[in-house]
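The values are calculated or read from the model by the stated rules, or taken from the named source; none is laboratory data. All of these numbers come straight from a predicted model, not from anything done at the bench. Cβ atoms come from the backbone with ideal geometry, glycine included; neighbour counts cover every protein chain shown.
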Amino acid sequence: MLGARRSARTKTAIWRYRLWRYRLTTVGLLLASFGMATALVDPPRPVSVVAGLAGATLSLMETRANRRRSREVRFQPREGDTYRDVIGNSEGHGPAVESVRDVGILLSRENSELRKRPLRAIIQSPDYRLPRDLRTWSLDYLSRRAKTGKIYNDQVLCLASDLLGDDVVKLRAGRYFDFMCSNLFAPLDIWEAGRKSPVLRGRDLILDPDGQLISLKRSRLANLIGVSTLAFTTDGRLLLVAQTHDNIGSPGLLAPSGSGALEPKDVPANMADWTIQRIVSNGAERELREECHLKPSEIEGSSVVGHGRWISRGAMPEFCAVTLLRLTGDQMLDRSPRRVEQSYVHEFMPVSLAPLRHWDPSRPLDMLPEHRQAISWPLALGLACLAECINDESWPLRKQLLTRLDG
């Protein structure tokens, strides 16, 4: 039932985009309807005929123009773009984190503060609104993505500021389609037939004229907040999720135990609890419960361990946590994904990490050597953050996790 409602909301949202693209057509149809409805009554028949013809002509012209433009636009992925220049210019923020397909940055300096003290958060108004120039190509892009995978348009939370530099961390509401039509344009170049250069260079959305990564505060993209958690069983195994090829995030790859996007329902009811750590923990645990079919009583506790920016997906912010479960790995093997999640989750995989001597934030794939070719970027980021904070004696879950790993 939940999947049917989500699908209906998504289709309705795409139709709203179509109504904007075909707004003249809509007016034309109204004129044509007016003409037919009043052909035999007042106003005079010539007025009705003219209104009907004008409406039909207007609708036909715009429909033909939009169809022609849809055929002429091309969304060209930059498959060979490794972002080496971006990584090189961002060395002061922290080490690069690379997976098989994607690349991003671990924000080590901010992560130290994230683990050290609560960072106050607020919900900023108004909600994120897609810039007009990006809206131009939104319908064509969404229509094509809907044909190749499952998409949705739920309400999400976006990051409107950097973690450090302001007194509070600013969040704002948005829609998943806003993220798709802003951040997901960054790895693309948009071309129109007959032009010698792209009408939009995706790199320009995340880099300033000097080639530096645009801060979240200055960015005009949605910057949906990604959240994930690494859940450890009582016998020290890390729970991974094998994603299906319909999953839009990391299709066909291994993901953290729970991963997705922050939603408004993750914000605590009590404003005194509005910290980015609490909100991220709530979102990560919600995703964990949904994807791994868990009850709240089966979760012992969670702690935020870090965040980074996923360069390959429009430099979106991605937060990660560590969660301790009250279940063994074998107990998790006896479970199957909920029906509503089976389009996105293939199976759960309790695995053992490499010995601690192989944990290195700059080489997170070495922590899962047998699966390194299937590791998604959020999983690589989570492993890097875990390797970074395991030696931090102030981290609250350190002793408990080490006990489980040694056992």
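Determine whether Leu333 is in the same structural domain as Leu224 (by TED's automatic domain parsing), farther than 27 Å from Cys158 by Cβ and surrounded by 20 or more Cβ atoms within 10 Å (Cβ to Cβ).
On the way: in the same structural domain as Leu224 (by TED's automatic domain parsing): yes; farther than 27 Å from Cys158 by Cβ: yes; surrounded by 20 or more Cβ atoms within 10 Å (Cβ to Cβ): no.
So Leu333 fails the test.
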Looking at Asp266, Asp273 in this structure, which one is of a type in the set (D, E, K, R), at pLDDT 95 or above and within 24 Å of Lys116 (Cβ to Cβ)? Asp266
Out of all the residues in the range 89-130, which are over 22 Å from Leu262 (Cα atoms), modelled with pLDDT of 90 or more and surrounded by fewer than 20 Cβ atoms within 10 Å (Cβ to Cβ)? Arg101
All but one of (1) in contact with a Lys or Arg (Cβ under 7 Å, 6 or more places away or on another chain); (2) closer than 30 Å to Asp360 by Cα hold for Gln124; which doesn't? (2)
Residues that are aliphatic (A, V, I, L, M), at least 3 per element: which strands (runs of 3 or more DSSP E) completely within the range 88-133 meet that? 103-106, 121-123
Within the range 281-331, take every residue that is part of a loop (DSSP other than H, G, I, E, B) and of a type in the set (A, V, I, L, M) and give me the one that is nearest to the chain's Cα centre (by Cα). Ala315
Restricting attention to the range 201-224, which residues are touching a helix residue (DSSP H, G or I) at 6+ places or on another chain (Cβ under 7 Å) and under 19 Å from Tyr176 (Cα atoms)? Gly202, Leu205, Leu221, Ala222, Asn223, Leu224
Of (1) within 15 Å of Phe232 (Cα to Cα); (2) aromatic (Phe, Trp, Tyr); (3) in a loop (DSSP other than H, G, I, E, B), Phe348 fails just (3)
Test Ser281 against the stated conditions and say whether it is polar (S, T, N, Q), touching a strand residue (DSSP E or B) at 6+ places or on another chain (Cβ under 8 Å) and under 19 Å from Ile375 (Cβ atoms). no
Of the residues in the range 355-366, those that are surrounded by 14 or more Cβ atoms within 10 Å (Cβ to Cβ), assigned to a loop (DSSP other than H, G, I, E, B) and without any contact (Cβ under 8 Å) to a residue 40 or more places away in the chain come to Trp359, Asp360, Arg363
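Would you check if there is a residue in the range 281-292 being in contact with a Lys or Arg (Cβ under 8 Å, 6 or more places away or on another chain), over 30 Å from Arg78 (Cα atoms) and modelled with pLDDT under 95? It would help to see each step written out before you state the result.
Of the residues in the range 281-292, the ones in contact with a Lys or Arg (Cβ under 8 Å, 6 or more places away or on another chain) are 286, 289-290, 292.
Narrowing the set further to residues that are over 30 Å from Arg78 (Cα atoms) leaves 286, 289-290, 292.
Narrowing the set further to residues that are modelled with pLDDT under 95 leaves 290, 292.
Yes, some residue in the range 281-292 is in contact with a Lys or Arg (Cβ under 8 Å, 6 or more places away or on another chain), over 30 Å from Arg78 (Cα atoms) and modelled with pLDDT under 95.
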Can you confirm whether the range 175-194 contains a residue that is out of contact with any strand residue (DSSP E or B) (no Cβ under 7 Å at 6 or more places or on another chain) and farther than 30 Å from Gln243 by Cα? yes
